[in-house]
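Remarks on the structure that follows.
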Amino acid sequence: MRVAPFALAALMLAAAWPASAKLPCAAKDRACLLKAAMKNPVRTLDFWAKRLADPVAERIGPAPQELVDYLEIDNAVNGFPEKPRVAKLSPEFLADARGALADLLPVLRKVAGPTFAGVYFVEDLGGTGFTDAVREKPGAAPKAAYIVLDAKVLEHHRANGWATWKENTPFKPGGGWTLEAKIEEPAEDTRRSAIRYILLHEFGHVVAATRTLHPMWDLAPKDLPAGGKWPFFELSWTLDRVKNTYASKFDASFPLRKSVVYYLGAKLDASQMTPAYKALDGTNYPTLYGATSFGDDFAESFASYVHTQVLKRPWSIRILKDGQADYTYRTCWDDPRCVEKRDILEALLK
């Protein structure tokens with residue numbers, strides 16, 4: 001899951017971009033690419049006006065070409081070699097996606113109905129999901145946000161298989177260590193359920209985009225307003241405008257956190273699974289992915305809270321050594337360590 005981080009892009013451009021890519025600039029001309037991205041119509045509220053006027057349940061389908069063009073530029077800026085294209089959705093897949101969205105409509109209408117510009121499908125996104133905010137003009141506060149999902153990634157995944165794959169990505173396999181994630185009971189372990197959980201995470205980004213729960217993900221600390229207050233962010237994170245950095249409050253007690261990387265290449269050995277999750281249990285991050293950044297902290301908190309506390313579905317991580325259970329981690333919503341985050345989420349969902 002990604003958010004559009006143009007102002008904070010820390011990843012290097014890919015060493016070689018396919019010559020056939022139809023980019024508006026040279027692949028290594030980052031300044032030109034950023035300018036082209038900012039001029040793309042999907043950055044404007046006018047582009048999404050019609051979709052925002054549609055019923056919430058109808059804001060779903062293949063991505064418009066303008067959005068695909070924008071995603072291709074974003075991939076170039078951030079070093080992803082994939083070249084997104086409009087998804088060709090089978091009737092069965094679209095039915096699952098619409099069903100997953102329908103499952104979440106009561107929650108969505110409550111927290112993001114007027115600001116949710118829709119969920120759109122591509123292939124070869126460079127990740128499972130992507131969320132970006134929409135402003136009336138550059139520098140203005142976001143007024144809406146949209147979601148992009150990679151239909152090719154989701155096509156053959158069921159819920160527990162997808163979650164297990166995702167939660168293994170920070171760890172190099174080996175040594176007899178394995179990790180199993182469970183987000184559905186067997187009868188509900190379906191593609192629709194996988195899409196629903198992924199949507200919940202991305203909806204977390206949509207919810208945060210138009211509120212002051214945390215700083216906007218595309219703003220550097222030095223650009224944040226003096227005296228700004230971000231109640232969710234301040235529970236787990238700090239910022240230094242002079243050094244232009246964000247930091248976790250738990251790095252002293254959870255030193256492995258800085259090596260937790262999803263999707264882009266594991267930095268931790270499989271033998272560090274249990275130490276990482278035991279350290280996580282001493283923080284107020286509900287999931288390991290939530291510990292990687294303040295944006296994903298809120299998105300993961302929102303997703304796991306709604307999934308377990310509102311929808312009453314399971315969520316657990318089981319770590320095994322040579323097939324024998326070594327450690328089980330569950331979300332923190334019934335624990336004192338997460339009570340302040342729970343209070344914020346409950347207030348949002350009233």
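Quick rundown of the values:
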item	result
Computed over the stretch 94-176: relative contact order in percent, which uses C-alpha pairs under 8 Å that are six or more apart	26 percent
Helix-only mean residue ellipticity at 222 nm for the chain, each DSSP H run of n ≥ 4 adding -39500 (n - 2.57), per residue, nearest 500	-10500 deg cm²/dmol
Overall Cα dimensions of the chain, principal axis frame, Å, largest first	52, 52, 46
Over 19 Å (Cα to Cα) - which of Lys110/Lys350; Lys28/Lys267; Lys249/Lys278; Lys110/Lys143 fall in this group	Lys28/Lys267
Protection proxy ranking, peptides 264-273, 68-77, average beta carbon neighbours within 10 Å, highest first	68-77, 264-273
Size descriptor, Kirkwood hydrodynamic radius, that averages inverse alpha-carbon separations across the stretch 137-260, Å	17.6 Å
Cα gyration tensor of the stretch 209-350 - equivalent ellipsoid semi-axes, whole Å, descending	27, 20, 12
Dipole of the chain [Lys/Arg +1, Asp/Glu -1 at C-beta], most positive-end residue of Val42, Phe250, Pro81	Val42
Rounded to 5, the percent of DSSP beta bridges in the chain classed as antiparallel	65 percent
Mean-position separation - Cα centroids, the stretch 139-159 and the stretch 17-91, in angstrom	12 Å
The stretch 157-350, relative contact order [Cα under 8 Å, separation at least 6], %	28 percent
Using a Förster distance of 22 Å, the FRET efficiency for Asp343-Lys249 (Cβ separation, nearest 0.05)	0.80
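The numbers here are math on the coordinates, done by the rules we state, and not lab data. From a predicted model like this one, the values you see are computed outputs, not experimental measurements. For neighbour counting, all protein chains shown are included, and Cβ atoms are generated from backbone atoms with ideal geometry for every residue, glycine included.
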